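A short write-up of the structure that comes next.
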Amino acid sequence: PIEKLRFLTREVAFEIADKVGTPVYAYDYATLKKQAENALAFPNAYGLTARFAMKASPNAAILKLFDSLGMHFDCSSVYEVKRAIAAGIAPSKCSLSSQELTDGFEALVAQGVKINCCSILQLEKFCAKCPGQELGLRFNPGVGSGGTGKTNVGGPSSSFGIWHEYADKCAEIAKAAGCKVVRIHTHIGSGSDPEVWRKCTRLSTSLVYKFPDVTVLNLGGGYKVGRMSHEKGTNLQTDCAVVKEVFEEFAEKDEKKRKLHMEIEPGTYLVANSGCLVASVHDVVQTGTPEGHSFIKLDAGMTEVLRPSLYGAQHPIVVVPRDEARAAKRQKYVVCGHCCESGDLLTPAPGEPETLSERALCEAAPGDVCVVEGSGAYCAGMCTKNYNSFPEAAEVMVVGGKVHVVRKRQPVEDIWKNEVALPADAAH
């Protein structure tokens, strides 16, 4: 079936394109709020902290909205922590779990930021810089669940977290420094299988037994979202109810009868379908052989939405024609981006980023608006920004049908403003 606009109307799509210019990311305030409220109602036994995985979409307007609703924040680098604090987020509401524990992290600990050490080296660095402090440990529990190998962050093929068999060694290192392990963190990837959640949660609680001071168990994120109309997403109330049961089982079996506080870190769930990319049809071309295609060329591409080129991810695409007489006409197209790069493709085959796939869309013409739906997560925050020297796109928030710019388009001069000229005598 042909995909339809999610939260924009035809009129608002044209307003954004004509007044702000394209390409531009658009976020829907009402959808963001609804998804956050769903996450805050996640089934739990003894208390819940829902942290937004801000890497998914780190615009300050989104951070401030979630903060106002009572959410906390998961940061994936020291720089994300600094960005959150700059947006007005209290350091005590930030948790850092990073592949790279950057020098100077101890200053953030002093401000109240919570650190989850993700390797033995990170644990040793923490103990050296922050002796006697409380910390968390991120473990790889030995299983994973993801849409692709690139989104699976658990199991033996993943570098994320400390391998679960090293738990005893971690306990010894922390104890020697007088540090107290109060949080265990695991994250298995992007899936929605309740039995995988049950298995992983049990593996996680089994790690808690090794750390008598732990009071918090963080299960990470990975709540699958259906972007395409035929895809099924995770229902937090039903698919994740098993997690609550495992926490109750642990409280019964634990010697200390600990009632663990639950933390979750949704990212995609909160923002994927709360945002879209509004682009313009720049050109329509054909290749005239039986093996050829009709191509829609956009004024956007992997510089704004990288996921199709990286994963073969599928995004709903809606052509909004300037001439309503074409609204009911259908044609098959391959949709590609504006980069001088053969991999700049918006319609790859599912899971196959190098394979062209045609979509049935409204008949397109240059000047039409093209909306790439499901672009709220891992798009503005994860793209090949400035490739081919294209400026960073603007971002808008739609509140009650009104459009508000929340990030201005990057001036092209900013792309090269921090370049430094080579001294005239450098080659002599």
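Just so you know, in the range 1-12 the residues that are among the β-branched types (Val, Ile, Thr) and not in a helix (DSSP H, G or I) include one that is farthest from Ser274 (Cα to Cα), and it is Ile2.
Being surrounded by fewer than 16 Cβ atoms within 10 Å (Cβ to Cβ), touching a residue at least 24 places away in the same chain (Cβ under 8 Å) and over 19 Å from Glu3 (Cα atoms) is the requirement here; does Pro366 meet it? Before you say what the answer is, go through the steps one by one.
Numbers: surrounded by fewer than 16 Cβ atoms within 10 Å (Cβ to Cβ): yes; touching a residue at least 24 places away in the same chain (Cβ under 8 Å): yes; over 19 Å from Glu3 (Cα atoms): yes.
Yes; evaluated as a whole, the condition is true for this residue.
Could you please find all residues in the range 18-39 being more than 15 Å from Ile89 (Cβ to Cβ), of a type in the set (A, V, I, L, M) and surrounded by 18 or more Cβ atoms within 10 Å (Cβ to Cβ)?
Going residue by residue through the range 18-39, those that are more than 15 Å from Ile89 (Cβ to Cβ) are 18-35, 37-39.
If we keep only those that are of a type in the set (A, V, I, L, M) too, we end up with 20, 24, 26, 30, 32, 39.
Within the range 18-39, Val20, Val24, Ala26, Leu32, Ala39 qualify.
Count of the range 383-405 residues, restricted to those that are open to solvent by 50 Å² or more (accessible area, probe 1.4 Å) and of a type outside the set (D, E, K, R), is 8. Selection of the range 89-118 for residues being of a type in the set (Gly, Ala, Ser) and crowded, with 20+ Cβ neighbours inside 10 Å yields Ser95, Ser97, Ser98. Determine whether the range 45-55 contains at least one residue that is assigned to a loop (DSSP other than H, G, I, E, B) and either among the hydrophobic types (A, V, I, L, M, F, W, C) or open to solvent by 30 Å² or more (accessible area, probe 1.4 Å) (or both). Yes, some residue in the range 45-55 is assigned to a loop (DSSP other than H, G, I, E, B) and either among the hydrophobic types (A, V, I, L, M, F, W, C) or open to solvent by 30 Å² or more (accessible area, probe 1.4 Å) (or both). Give the residues of the range 312-330 that are of a type in the set (Val, Ile, Thr) and either surrounded by fewer than 22 Cβ atoms within 10 Å (Cβ to Cβ) or in contact with an Asp or Glu (Cβ under 6 Å, 6 or more places away or on another chain) (or both), sorted by residue number. Those that are of a type in the set (Val, Ile, Thr) and either surrounded by fewer than 22 Cβ atoms within 10 Å (Cβ to Cβ) or in contact with an Asp or Glu (Cβ under 6 Å, 6 or more places away or on another chain) (or both): Val318, Val319.
Residues in the range 348-379 that are within 22 Å of Ile16 (Cβ to Cβ) and of a type in the set (S, T, N, Q): Ser375 alone. Residues satisfying the criterion are absent from the range 209-218 (criterion: open to solvent by less than 10 Å² (accessible area, probe 1.4 Å), more than 27 Å from Asp168 (Cβ to Cβ) and either in a loop (DSSP other than H, G, I, E, B) or out of contact with any Cys (no Cβ under 8 Å at 6 or more places or on another chain) (or both)). Of the residues making up the range 301-311, none is crowded, with 24+ Cβ neighbours inside 10 Å and part of a strand (DSSP E or B). Filtering the range 13-32 for residues that are closer than 20 Å to Lys408 by Cα, without any contact (Cβ under 8 Å) to a residue 40 or more places away in the chain and outside any loop (DSSP other than H, G, I, E, B) leaves a non-empty set.
Checking each residue in the range 264-295 for being in a strand (DSSP E or B) and either aromatic (Phe, Trp, Tyr) or open to solvent by 10 Å² or more (accessible area, probe 1.4 Å) (or both) picks out Ser280, His282, Asp283, Val284, Val285, Gln286, Ser294, Phe295. Residues that are touching a helix residue (DSSP H, G or I) at 6+ places or on another chain (Cβ under 8 Å), closer than 22 Å to Ser76 by Cα, at pLDDT 65 or above and not in a helix (DSSP H, G or I) within the range 143-177 comprise just one, Ile162.
The values are calculated or read from the model by the stated rules, or taken from the named source; none is laboratory data. Since this is a predicted model, take the numbers as computed values, not measurements. Cβ sites come from the backbone with ideal geometry, for glycine too, and all protein chains shown count toward neighbours. Only protein heavy atoms, including side chains, enter the accessible area calculation; ligands, DNA and RNA are left aside. Shrake-Rupley method; radii C 1.70, N 1.55, O 1.52, S 1.80 Å.
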